[in-house]
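Shown next, in structure tokens, is the structure this report addresses.
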Amino acid sequence: MVLCYLPALTLPFAHHDNVRFFDKFYAPASSIPGKRDPQFSMVYLLGRPLTAEIHQIIYTHVSNLKDLDLLRCLTVSILAIDAGLLANIFYGFGMGALESLGLSVAIFILPGAEDAVIMLALQNPLAVLMALWAYLSSEALVSCCLILASMLLYPQWSFFLFVPLLVKYLIYQHRYLNVVYNELLKSTFIFAITAIFYYCFVKAFISLNNARAGSYAFTIDLNFFYWKLLSVFSKILPMSFNFWNIHTIPWLGLALMGLTIIVLRKQAILCFLIVLSTASFWLLARADVIIHRIFFVTSALALMAFLIGIKNSLPVSKNIGKYIMMGAMTVGLIDVHYLTFLNAVNYNIEFAYIKQSLLAYHKPFSRIHIVLPASNTKGYNGQETVDDTFNARTASYNFTTDTLNLVKAALKDNNVPTSWWVYSCEDDQRKCLRQMPLGYRILVTHTNKDQPVYYSPGMVLIDLNKL
């Protein structure tokens, strides 16, 4: 797994949500002590208070891009722990050592897991770890607490509790089915009770201002329920059955889903009910965004159902499971390593270009002007943008929260004194120059492509469309 994600661990970059960790630099000294992560309140409102606290710790301690590399190493380490723990659970079900390892690693290199590495979302693999511990616990109360912790980190990934349960059901087939059914019912009951408590707890004590959260508000909204239910079958399941391919091919996803139903036979009904249950939070929530990280568990269950279904449909052989799982893992590792390389290069190019443009200006500068990318449909690597994670252009999202902080990260990497104040302005360039407050040393302005640029003394021009 480390080799798979190696490009993201060795090439320095910051992208989208994680550039905000540089927000605290180049600001008036009076505003820095005790400063909160810009997304702290929002993440709390989303019902993820543990994630908010983790991000605040990161925000406080990150000082350069090397720190982000270390955090990505930590994220990959937690994913590896998750993979090892899950492989051990599979091994306990009677799967071979290599078979267990192959299936487990194949799961933790799916796009949702890679998203956690690129976006520095270490709370997501922590949520999986809590869910797996909940499965292993023999005490119902302990399981409830661990599932609750998982939900307070990232609720969609708390459904990972059902991953070992589905594998156990598919492996045992006609043996000990009563035991498996009882365990599944017990786990479903514990999960449902915990989910209800989680919702009531967050609504009562945390998410009191849904207006601020907008479309991400922590509330049940059934206005688009039927449209979203249709999207589960037309978009989400095809995306999940594309496995490691981020560029969803709908007919391929539907074909692999149909093949899975055929090879599972009678087991297909319960299997797909479990798979569909992982979309329940999304179906009931106001947010309607469809991205890989939200449906990571859906993809994991789809992959397992497909691989184990294929194995069970073939003639019994001692090594057939090992070949299938290790083969799937190998295909996934090659694909994801290449995808990780493309993305690491994509974001490194953007950061390096800004950094080098500043270094190339050998005179003192008082203004940085950014010409924003014309579009965000393709990355700087020429690949199609998927979600807000893969092959994107950080500067295309939000000037004050993304582009400006990317500039701050470059200034920090160039050892520009943090005592300098950086002032950003979204108004007309000339108006910005007149209104720049006293005490600020650097003004950051921007225009879109093809808009006129008003030049001023000591200005560094960075046109991201030249990349």
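Each value in this text was obtained by applying a stated rule to the coordinates, not by laboratory testing. This structure is a prediction, so every number in the text was calculated from the model and none was measured. Quick reminder, even Gly has a Cβ in these numbers, built from the backbone with ideal geometry, and neighbours come from all protein chains shown.
Considering lysine pairs in the stretch 311-447 that are 8 or more places apart or on different chains, how many have Cα atoms under 23 Å apart? Please list the in-between numbers first.
Details: K311/K322; K355/K363; K355/K378; K355/K408; K355/K412; K363/K408; K363/K412; K408/K431.
Close lysine pairs under the 23 Å cut-off: 8.
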Q | Debye intensity ratio I(q)/I(0), log10, the stretch 80-175, q values 0.17, 0.18 Å⁻¹ (C-alpha model) | A | -0.74, -0.83
Q | Order of E350, E53 under a 10 Å beta carbon neighbour criterion, fewest first | A | E53, E350
Q: Mind putting together the pair-distance distribution for the stretch 240-316? All Cα pairs, 5 Å bins, whole percent per bin, short to long.
A: 3, 15, 24, 24, 18, 9, 4, 1, 0, 0
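Check each of the trypsin sites (Lys or Arg not before Pro) in the stretch 370-467 and keep only those in coil by DSSP with at most 11 other C-beta atoms within 10 angstrom; list them in order. Show your work: numbers first, answer last.
Details: sites: K378, R393, K408, K412, R430, K431, R434, R441, K449, K466; in loops: R393, R441, K449.
Answer in residue order: no site qualifies.
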Q.
I'd like the distance between the alpha-carbon centres of the stretch 436-460 and the stretch 66-94, rounded to an integer number of Å.
A. 45 Å
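Report the extension gain between R434 and D463 in nm, rounded to one decimal, defined as 0.36 nm multiplied by the number of residues separating them, less their alpha carbon distance. Spell out each step's value before the answer.
Numbers: separation 29, 0.36 × 29 = 10.44 nm, distance 2.31 nm.
Using 0.36 nm per residue and subtracting the Cα-Cα distance, I get 8.1 nm.
Report the relative contact order of the chain, percent, no decimals, based on alpha-carbon pairs under 8 angstrom and at least 6 residues apart.
On the way: 713 pairs, mean separation 101.3, N = 467.
Reported as a whole number, the value is 22 percent.
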Q) Just checking the chain: which Cys have no other cysteine's beta-carbon under 4.7 Å? A) C4, C73, C144, C145, C200, C271
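If you stretched the chain out fully between L342 and T401, how much longer would it get, using 0.36 nm times the residue separation minus the C-alpha to C-alpha distance? Mind showing how you got there, number by number?
On the way: separation 59, 0.36 × 59 = 21.24 nm, distance 2.41 nm.
Result: 18.8 nm gained on full extension.
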Q. Quick one: helix 268-277 against the long Cα principal axis of the chain, what's the angle to the nearest 10°, folded into 0 to 90?
A. 30 degrees
(Q) Helix 97-107 against the longest principal axis of the chain: what's the angle in degrees, Cα atoms only, rounded to the nearest 10? (A) 40 degrees
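Calculate, for N415 and L70, the FRET efficiency according to 1/(1 + (r/R0)^6) with r their C-beta to C-beta distance and R0 22 Å; round to the nearest 0.05.
Here the calculated transfer efficiency is 0.65.
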Q: Run through all the Cα pairs of the stretch 100-153 and give the fraction in each 10 Å bin from 0, expressed as whole percent.
A: 25, 42, 30, 3
Q | For I368, residues with placed amide H under 5 Å, excluding near neighbours | A | L443, V444, T445, V460
(Q) Taking the Cα centre as origin and putting +1 on Lys and Arg beta-carbons and -1 on Asp and Glu beta-carbons, what dipole magnitude results for the stretch 6-339, to the nearest 20 debye? (A) 480 debye
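Would the stretch 362-466 count as rounded, prolate or oblate if I go by the C-alpha gyration tensor, calling it rounded below 1.5 in a/c and otherwise prolate when a/b exceeds b/c, oblate otherwise? Write out the running numbers ahead of the final one.
Working: a/c = 2.10, a/b = 1.58, b/c = 1.33.
Since a/c reaches 1.5 and a/b is larger than b/c, the shape of the stretch 362-466 is classed as prolate.
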Q.
Quick check on the exposure proxy: order V316, V163 from fewest to most C-beta atoms within 10 angstrom.
A. V316, V163
Q: Compute the distribution of all C-alpha to C-alpha distances in the stretch 287-354, in bins of 10 Å from 0, and list the percent of pairs in each, rounded to whole numbers.
A: 16, 31, 28, 17, 6, 2
**Q.** Spacing of the two label points (7 Å from each Cα toward its C-beta) at D427 and I269, in nm
**A.** 6.8 nm
Q | Within the chain, percent of DSSP bridges classed antiparallel, to nearest 5 | A | 20 percent
**Q.** Base-10 log of normalised Debye intensity for the chain (one unit scatterer per alpha-carbon) at q = 0.09, 0.12, 0.13 Å⁻¹
**A.** -0.64, -1.06, -1.21
Q) Which whole-Hz couplings ³J(HN,Hα) result when phi for each residue of the stretch 404-421 is put into the Karplus expression 6.51 cos²θ - 1.76 cosθ + 1.60, θ = phi - 60°, listed in order with x for Gly and Pro? A) 4, 5, 5, 5, 4, 4, 5, 4, 5, 5, 8, 6, 5, x, 6, 6, 6, 9
Q.
Show me, for the stretch 431-437, the HN-Hα J-couplings you get by feeding each phi into the Karplus relation (A = 6.51, B = -1.76, C = 1.60, θ = phi - 60°), rounded to Hz, glycine and proline as x.
A. 5, 4, 5, 6, 9, 4, x
Q. In what sequence do I354, I78, I291 fall when counting other Cβ within 10 Å, fewest first?
A. I291, I78, I354
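Give me the extension gain from V316 to L141: residue separation times 0.36 nm, minus the current Cα-Cα distance, reported in nm with one decimal. Spell out each step's value before the answer.
Values: separation 175, 0.36 × 175 = 63.00 nm, distance 4.03 nm.
Between V316 and L141, full extension yields an extra 59.0 nm.
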Q.
What would the Debye equation give as log₁₀ I(q)/I(0) for the stretch 38-141 at q = 0.12, 0.13, 0.17 Å⁻¹, counting only Cα atoms as equal point scatterers?
A. -0.49, -0.57, -0.87
